[in-house]
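Since every read-out is calculated from the coordinates, none of them should be taken as a lab result. The shown structure was predicted, so the numbers you read here are calculated from the model rather than taken from an experiment. Here the Cβ is made from the backbone with ideal geometry for all residues, glycine too, and neighbour counts use every protein chain on show.
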2 protein chains.
Amino acid sequence: MENFNFYSPTEFVFGKGRAAETGSFVKKYGGTKVLIHYGGGSAVKSGLIGAVKKSLDEAGIAYCELGGVQPNPRDTLVYKGIDLCRSEGVDFILAVGGGSVIDSSKAIAAGVCYDGDFWDFFTGIAEVKNALPLAVVLTIAAAGSEGSRSCVITKEDGMLKRGIGYEILRSKFSIMDPALTQTLPAYQTACGCTDIMAHVFERYFTNTKEVEITDRLCEAVLLTMVKEAPRVIADPDNYDARANIMWAGMVAHNNIVGVGRQQDWNSHGLEHELSGLYDVAHGAGLAVIMPSWMQYVYKHNVLRFCQMATRVFGCQMNFENPEATAVEGIQRFRSFLHGIGMPINFAELGAKEEDIPALVEKLGIGDGKLGGFMELDKNDVTEIYRIAAHASL
Amino acid sequence: MENFNFYSPTEFVFGKGRAAETGSFVKKYGGTKVLIHYGGGSAVKSGLIGAVKKSLDEAGIAYCELGGVQPNPRDTLVYKGIDLCRSEGVDFILAVGGGSVIDSSKAIAAGVCYDGDFWDFFTGIAEVKNALPLAVVLTIAAAGSEGSRSCVITKEDGMLKRGIGYEILRSKFSIMDPALTQTLPAYQTACGCTDIMAHVFERYFTNTKEVEITDRLCEAVLLTMVKEAPRVIADPDNYDARANIMWAGMVAHNNIVGVGRQQDWNSHGLEHELSGLYDVAHGAGLAVIMPSWMQYVYKHNVLRFCQMATRVFGCQMNFENPEATAVEGIQRFRSFLHGIGMPINFAELGAKEEDIPALVEKLGIGDGKLGGFMELDKNDVTEIYRIAAHASL
């Protein structure tokens, strides 16, 4: 096991009706003037924004608001948010939404405290040293951003998608009411479930030996998703299934399932270019990329894929032909994703094979390699995109 | 799933050689005058206390010290610690040791900030509202107190063992170096492993339905212990096995494996009277009590015990006779504990059957019942102690 630090100081406030406590928690964490940041109109129409405002009013906390966050949140709105926070004297950011809203909020929180262009953080020119405190009222189980240190923003000029991670960007408190996710369309729910599983797999495939506790915790989240995701697609109002998925989404990404070892994250890298270019949902892109990545890399450690196949997808180990078990596990994962309504190849996603050179180019690997479970050069990623283009059940 | 809050703000600093960073972390968390609190001479002899002092010196942090914490830490030393902190102007407690030292430190941290008798917290007369910040350098994987809100102290007058839990008692940072545990005697190592598994089982046996994620996380820790505990007994210098166990011990008790549902804790209650009366190791007491508790209560939910038997102990499910599977799982747990060198009945523990009425009396149930997975009255706990007195493989 490698040395590590683990720090997840967010207070999670989980369960039905908890959004009514927003005001008292903002007060507890010192906010006096809040920016309520959200996405489209659904949070307004559902009455959630109204409930949050009521709760802030009751706690005597002032606020302003900024809606309009899109999936794959844009730098353009982040600039607007930073300006608004400065002109209004905001000292606390409240993200009401999913991963995109939270990430936009994190970028605003960091940008307000920085004199230069906040995009500097994403190009590596500057580091995040200060940020306004932020908190979350979560409306979709997916990104895990409510408990994570990460933040992904898309630069509209060129649709360049880039991510950062800082402890200071962790949410002070995150209100997680599974009932708020019951009205989500099935497709979005399934995208979220895929993202959650992907966050675990990025940590599961490692070259570090002997980290049994982290392996088992990974498998715990994956087994939960294998049980609960199809159930919630079949029965969208199932509160318990929603609750298990929502909590699994946090556990999948606050890094408790990743400590003590090297991680991968190449599927996320390859997917970012897809959703950057076509503006498709991140989870849908992952459903196409991740099993294809697995198909390409499994020979790097066949028995590790057998572990996934047997422990997570219930395959019988073929001791005479371990490779068959590894492949069966990958195929079961793809079938599972297809079963909850996810695309499994470029055509179903709306991507085009002829764009592969452009996708590879945007990854910016040059003559180098992407690090991770298996190092990938330009030819490797081209081949993975090709597998993704043609994948079938 | 039930509503819950989850808050685990401790910064975990895990791995080889990390104790050298103690000083810089104390500084980060605002300590200027530290009480170094520890147990017997082993922490001094091993050079750990010296290394910690060196690290504090390098960070320019003043300190005083108080050793002598015993297993089942006593109120008498807590009073001494409180006096010392007040006279020396201590503003930060550093526990260098295991669960007993950490719990003694927590009691001191709370007691310093309270005008009355600190034992008031344990009798319910007063609540802990303030506490000095505290941190941990861990030397044994067992109690999980390095990441938990709980604190158990024994009143020497009458050997009365009582526990409390407050968020404010969580450690600011906990340095966890598995290498520090490599010199532990096998018996203490095994006691720690038993305690870790017991912390999970107390949360695993619940009447709340449909909390798959918490079930699976419980099983992740238990499966890790089933693999690693015998390995570390056979090969005490195995760093990776030590590391997995040490991290499992934290995960087992910061409550991530307990959220969203009712918990039990009756085995801990019954054990506290045993180790209070005979001053035996807490883990050894649990090894005797917990399988006996399981044997008495399993009919309350046979299939839940089948889940443990099949998922954790690898039993084949007997679909024609589920009770046989439940009983087999319990018996495998007992055999497992015996295999790592734990006592399984009163004789092996050094307890006496004729003391059962006294043990029951000290529990203070009166005509009431202990709540939990299955409610227990006086007759129930008498029967559990009797099973524990006579248990065999």
Over the protein assembly as shown: helical MRE at 222 nm, DSSP H runs n ≥ 4 each giving -39500 (n - 2.57), nearest 500: -15000 deg cm²/dmol
Partners for B:K209 among lysines (Cα-Cα distance below 22 Å; same-chain residues under 8 apart left out): A:K16, A:K227, B:K299
Point-to-point label distance, A:E348-B:E2, nm (Cα→Cβ direction, 7 Å offset): 4.1 nm
For A:11-20, mean number of other protein chain Cβ atoms within 10 Å: 4
Folded to 0 to 90 degrees: helix B:322-339 orientation relative to chain B principal axis, Cα: 40 degrees
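Find the percent of Cα-Cα distances in the stretch A:1-102 that exceed 18 Å, and round it to a whole number. Walk me through the intermediate numbers first.
Values: 2690 of 5151 pairs.
Of all Cα-Cα distances in the stretch A:1-102, 52 percent exceed 18 Å.
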Angle in degrees between helix B:239-251 and the longest Cα principal axis of chain B, rounded to the nearest 10: 80 degrees
Inter-copy label distances at A:S87 (7 Å, Cα→Cβ; nm, one decimal): 6.3
Label geometry 7 Å along the beta-carbon vector: A:Q70 inter-copy distances in nm: 7.0
Farthest toward positive dipole pole in the protein assembly as shown [+1 Lys/Arg, -1 Asp/Glu at C-beta], among B:S87, B:T154, A:L337: B:S87
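Among A:241-248, A:102-109, how do they line up by average Cβ neighbours within 10 Å per residue, starting with the highest?
On the way: A:241-248: 27.6, A:102-109: 30.2.
Result, highest mean first: A:102-109, A:241-248.
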Cβ neighbours within 10 Å from other chains - mean over A:205-215: 5
Rounded, prolate or oblate (a/c below 1.5 giving rounded, otherwise prolate when a/b exceeds b/c) for the stretch B:266-306 by Cα gyration tensor: prolate
Cα pair count fraction exceeding 22 Å, expressed as % - the stretch B:259-393: 37 percent
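Report the Stokes-Einstein translational diffusion coefficient (µm² s⁻¹, integer) for the stretch B:124-232, Rh taken as the Kirkwood radius over Cα pairs, at 20 °C with viscosity 1.002 mPa s.
Working: Rh = 16.2 Å.
Once the numbers are plugged in, D ends up at 132 µm²/s.
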Descending semi-axes in Å of the protein assembly as shown, equivalent ellipsoid built from Cα gyration tensor: 44, 32, 25
Cβ neighbours within 10 Å from other chains - mean over B:247-254: 3
7 Å along Cα→Cβ, label-point gaps from B:N321 to other copies, nm, shortest first: 3.9
Residues A:K369 and A:Q70, FRET efficiency given R0 of 45 Å [Cβ-Cβ distance, rounded to 0.05]: 0.85
Candidate aspartates and glutamates for bridging to A:K54, where Cα separation is under 15 Å - those fewer than 8 sequence places away on the same chain excluded: A:E21, A:E65
Stokes-Einstein diffusion coefficient of the stretch B:178-231, Kirkwood radius over Cα pairs, 4 °C, 1.567 mPa s, in µm²/s: 104 µm²/s
Over 18 Å between alpha carbons, listed pairs A:K155/A:K352; B:K155/B:K352; B:K129/B:K155; B:K33/B:K129; B:K106/B:K369; B:K28/B:K53: A:K155/A:K352; B:K155/B:K352; B:K129/B:K155; B:K33/B:K129; B:K106/B:K369
Computed E for B:M159/A:T32 - FRET, C-beta separation, R0 41 angstrom, nearest 0.05: 0.20
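Hey, what does the equivalent ellipsoid look like for chain A, semi-axes from the Cα gyration tensor as sqrt of 5 times each eigenvalue, largest first, whole Å? Write down the numbers at each step before the final one.
Numbers: eigenvalues 237, 108, 75 Å².
So the three semi-axes of chain A are 34, 23, 19 Å.
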Extension gain (nm, one decimal) between A:E58 and A:T183, 0.36 nm per residue minus Cα-Cα: 42.3 nm
